[in-house]
Amino acid sequence: MNKSMSNLSSAKSFSATDSTNKSPTASTSGQALVKVSNLHKSYSPTIQVLKGLDLTMAAGERLVVIGPSGGGKSTLLRVMMGLEQIDSGSITFAGQPYITANDGKAKTKINLAVRQQIGMVFQHYTLFPHLTILQNLTLAPRKVRGESKASAEARGMALLTRFGLAAKAGAYPNQLSGGQKQRVAIARALMLDPKLMLFDEVTSALDPELVAEVEQVIMSLAEQGMPMMIVTHDMWFAKNIASRVVFCAGGVVVEEGPPDQIFNAPKHERTREFLDRVFHI
Amino acid sequence: MSYSFDFTGLEQGYDSLLEGLKVTVELTLAANLIGVTLGFVVALLVMSRISLIRTPVMLFIEFFRCTPAIIQIVWFFYCVPIMFDVYLDSVTMGVLALGLNLTAFNAEAYRAAIQSVPKEQHDAGIALGLSPFQRVIYIVLPHALRSALPVLITNGIGIFQQTALVAIVAIQDLMYQGKSLATTTYRPIETFTLIAVIYFAVSFPVAQLVQLIERRREVASR
Amino acid sequence: MTYDFAVVLGYWEALLQGLEVTVELTLLCAALGSALGFVTSLARVSPVRFLRWISTLYVEFFRGTPVLIQLFWFFFCLPIILGSDISNFIAATVTLTLYTGAITSETFRASLKSIRPEEIDACIALGLPRLTQITNIVLPQALLRAIPTLLSNFVSLFKESALVSAVGMADLMFVGQNISSNIAKPVEVLTVVAVIYFVVAFPLTRAVTVIERKMLAKLAI
């Protein structure tokens with residue numbers, strides 16, 4: 001089984017960074033884009049989701065986070081987007097402090113200027129149903145940056161054209177297929193020129209035949225060197241797009257490394273168990 | 001505001017108010033008995049495949065839902081005796097008018113509930129060899145009753161409030177007693193406030209019950 | 001027993017005038033009441049405890065008591081409190097506006113709650129300021145979603161407005177009852193009055209269903 005996976009992964013190579021000769025620790029030595037330190041997060045005293053998670057991501061990397069449900073993958077991405085409070089720990093972005101836990105009752109401190117440089121696409125459809133596709137794209141640039149309507153619309157149309165969705169500019173989200181909705185959601189996030197994209201299981205709500213069109217869009221972004229952090233259950237996609245794979249379970253990073261190593265020669269027993277379960281369908 | 005409240009004059013009227021409340025509650029219970037049972041039958045009829053049955057029943061429902069309750073009550077009082085040459089006592093007449101009004105509203109609640117019974121349940125009933133009648137009694141009715149319950153109770157308190165309208169045709173309910181007390185004591189503010197509080201004291205807990213049921217359902221369906 | 005419905009035709013002008021009063025009162029109270037209802041729905045989710053408390057009390061009390069007693073209260077008590085006479089039109093408008101405010105506030109509250117939390121996540125991810133989230137995402141959707149239920153609230157108001165006849169306001173119900181007792185033909189007159197109410201209300205309830213379906217389709221995701 002693992003053999004066939006390796007064939008798939010070699011089918012495509014990326015220009016952005018060469019992941020194969022980069023060890024996980026090597027990525028921390030350069031300019032780190034994201035540095036997550038000792039992250040703790042609980043939803044209630046009894047439900048601890050992140051238990052001291054550490055993670056470093058270099059600029060130009062495409063990190064794929066895999067692991068069992070409830071292992072903290074999606075929570076990590078939500079914290080990264082500034083959607084969740086944390087208990088302790090910190091995240092820096094391009095050397096700047098981004099998210100810091102405040103001791104005591106005060107809320108988590110989020111550097112909003114940094115947050116604006118991060119874009120996210122969710123598992124559930126989050127297009128605004130009362131706005132047209134183009135309006136969905138232009139709302140944030142106009143309201144957040146004060147961009148003119150004409151300029152935002154021109155950029156929006158260019159993006160839609162690139163994604164093959166120009167004909168849908170005036171349509172409402174309910175007139176689109178699931179795959180189209182997720183592609184628009186990606187375009188909407190790109191309108192703000194993010195320095196990092198977060199993809200949280202963006203294809204898991206889709207019908208199987210619609211998955212590929214969304215994954216292709218993400219692939220094309222990868223080819224252009226967009227740094228991204230991806231949570232996915234699609235191991236084929238994980239192997240193809242990752243420059244580094246992070247196996248996350250029990251609220252910590254259990255193992256990380258290049259896709260070849262994680263999928264073909266995992267070092268940890270838990271990683272092996274997880275992959276065995278995933279591939280023995 | 002310089003008005004000073006004085007509830008002392010009302011004491012003489014407590015007995016009559018209690019009598020009135022009794023009539024109001026009786027009207028409510030009797031109308032609900034009609035509404036809950038007849039409502040289900042009407043719901044089944046309006047879903048009938050035979051248009052000769054469906055159309056008049058639909059007209060009945062829509063007519064009661066789309067006209068003011070007060071005209072239904074007045075109509076019953078003045079027209080039924082003339083048209084059918086029957087002279088029923090006024091409380092019975094009130095119960096009939098309110099009961100049929102509630103029947104129309106409850107029929108809609110039942111219809112929505114029946115339509116929410118998953119198709120698989122019908123299929124399972126057929127697969128188990130139940131007759132159409134058995135399927136209605138053992139599968140559809142329990143399911144529909146359960147899912148219609150919050151609306152049935154809400155409609156039930158709605159009718160409790162609508163009973164106040166029968167005061168207009170001189171049935172001696174709480175509203176009627178209150179109005180006469182207000183006139184005899186010259187204390188309308190105290191009297192009407194007291195009456196309103198009594199109505200509220202009955203409907204509010206029931207409305208809370210409905211919310212409780214709905215909240216528990218929400219949790220259960222999660 | 002034969003009925004002579006033609007006799008009602010002779011009074012069509014009076015009935016029409018009554019209908020006009022009913023419709024005007026309904027429209028006025030629908031406008032004032034839904035504005036009040038909207039403000040009330042916001043007060044009910046306000047962080048200020050006092051606002052939540054007072055708005056809840058108002059809504060529960062007006063939903064928990066018969067409209068007839070509300071009407072009598074304002075008709076008989078307001079003049080005493082104000083120390084001056086008020087017309088039955090004022091009493092009717094105040095009562096039906098407060099009644100509509102109470103029921104529509106529940107409509108608005110439900111529609112505000114129906115905004116999916118995922119969309120708020122998306123707003124944050126896009127960095128939309130709080131004010132933009134409210135004015136561009138929450139409010140437009142809440143108002144759109146409220147439309148069908150609001151319309152059916154207005155139909156209820158239209159029907160409840162018949163109560164103002166009890167304080168002598170010359171609406172359709174009042175005019176109908178007057179004619180009915182004057183010419184001693186209750187079956188014909190009252191039936192016609194009921195049919196007039198039906199003819200106005202029924203198409204509106206159908207419209208509610210149609211709009212609801214359209215709205216659900218439009219705002220579906």
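Values for this structure:
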{"item": "Criterion (at the interface with chain C (Cβ under 8 Å from one of its Cβ atoms), open to solvent by less than 50 Å² (accessible area, probe 1.4 Å), farther than 26 Å from A:Asp207 by Cβ and not in a loop (DSSP other than H, G, I, E, B)) met by exactly one of A:Ala189, A:Ala140, A:Ala152", "result": "A:Ala140"}
{"item": "So C:Phe158, is it among the aromatic types (Phe, Trp, Tyr), touching a residue at least 40 places away in the same chain (Cβ under 8 Å), more than 30 Å from A:Phe122 (Cβ to Cβ) and facing another protein chain (nearest Cβ under 9 Å)", "result": "yes"}
{"item": "Residues (among the charged types (D, E, K, R) and either in contact with a helix residue (DSSP H, G or I) (Cβ under 9 Å, 6 or more places away or on another chain) or under 24 Å from C:Val67 (Cβ atoms) (or both)) located in the range B:45-98", "result": "B:Arg54, B:Glu62, B:Arg65"}
{"item": "Members of the range B:56-93 that are more than 14 Å from chain C (Cβ to nearest Cβ) and either open to solvent by less than 20 Å² (accessible area, probe 1.4 Å) or part of a helix (DSSP H, G or I) (or both)", "result": "B:Pro56, B:Val57, B:Ser90, B:Val91, B:Thr92"}
{"item": "Residues located in the range A:160-181, provided they are buried (at least 18 other Cβ atoms within 10 Å of the Cβ), assigned to a helix (DSSP H, G or I) and more than 12 Å from chain C (Cβ to nearest Cβ)", "result": "A:Leu160, A:Lys168, A:Gly179, A:Gln180"}
{"item": "Members of the range C:192-203 found to be in contact (Cβ under 8 Å) with a residue 24 or more places away in the chain and either open to solvent by 60 Å² or more (accessible area, probe 1.4 Å) or more than 18 Å from the chain's Cα centre (by Cα) (or both), listed by number", "result": "C:Val192, C:Val193, C:Ile196"}
{"item": "Residue within the range B:25-44 that is part of a helix (DSSP H, G or I), hydroxyl-bearing (Ser, Thr, Tyr) and either at pLDDT 90 or above or in contact with a helix residue (DSSP H, G or I) (Cβ under 6 Å, 6 or more places away or on another chain) (or both) present", "result": "yes"}
{"item": "Test result for C:Glu106, touching a residue at least 12 places away in the same chain (Cβ under 8 Å), acidic (Asp, Glu) and open to solvent by less than 30 Å² (accessible area, probe 1.4 Å)", "result": "no"}
{"item": "Qualifying helices (runs of 4 or more DSSP H) (wholly inside the range B:127-222; at least 1 residues being more than 19 Å from the chain's Cα centre (by Cα) and either of a type in the set (Lys, Arg) or closer than 22 Å to C:Glu160 by Cα (or both))", "result": "B:132-135, B:174-185, B:188-220"}
{"item": "Selection status of C:Val210, assigned to a helix (DSSP H, G or I), closer than 30 Å to B:Phe60 by Cα and within 14 Å of chain B (Cβ to nearest Cβ)", "result": "no"}
{"item": "Qualifying residue in the range C:66-74 (condition: closer than 30 Å to C:Gln133 by Cβ, within 12 Å of another protein chain (Cβ to nearest Cβ) and touching a residue at least 40 places away in the same chain (Cβ under 8 Å))", "result": "no"}
{"item": "Residue within the range C:86-93 that is within 12 Å of another protein chain (Cβ to nearest Cβ), hydroxyl-bearing (Ser, Thr, Tyr) and either open to solvent by less than 40 Å² (accessible area, probe 1.4 Å) or at positive phi (or both) present", "result": "no"}
{"item": "Filter pass, A:Thr126 being in a loop (DSSP other than H, G, I, E, B), out of contact with any strand residue (DSSP E or B) (no Cβ under 7 Å at 6 or more places or on another chain) and surrounded by 19 or more Cβ atoms within 10 Å (Cβ to Cβ)", "result": "yes"}
{"item": "Criterion (open to solvent by 10 Å² or more (accessible area, probe 1.4 Å) and under 12 Å from B:Leu21 (Cα atoms)) met by exactly one of B:Val202, B:Val219, B:Val169", "result": "B:Val202"}
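Conditions tested, residue by residue: (1) in contact (Cβ under 8 Å) with a residue 24 or more places away in the chain; (2) within 14 Å of chain C (Cβ to nearest Cβ).
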position: B:Asn106; (1), (2): yes, no
position: B:His122; (1), (2): no, no
position: B:Leu145; (1), (2): yes, no
position: B:Gly178; (1), (2): yes, yes
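The values are calculated or read from the model by the stated rules, or taken from the named source; none is laboratory data. None of the values given here were measured: they were computed from a predicted structure. Heads up, the Cβs are rebuilt from the backbone with ideal geometry, glycines too, and the neighbour counts pull from every protein chain shown. Please note that ligands, DNA and RNA were not included when accessible areas were found on the heavy atoms of the full protein model with its side chains. Shrake-Rupley method; radii C 1.70, N 1.55, O 1.52, S 1.80 Å.
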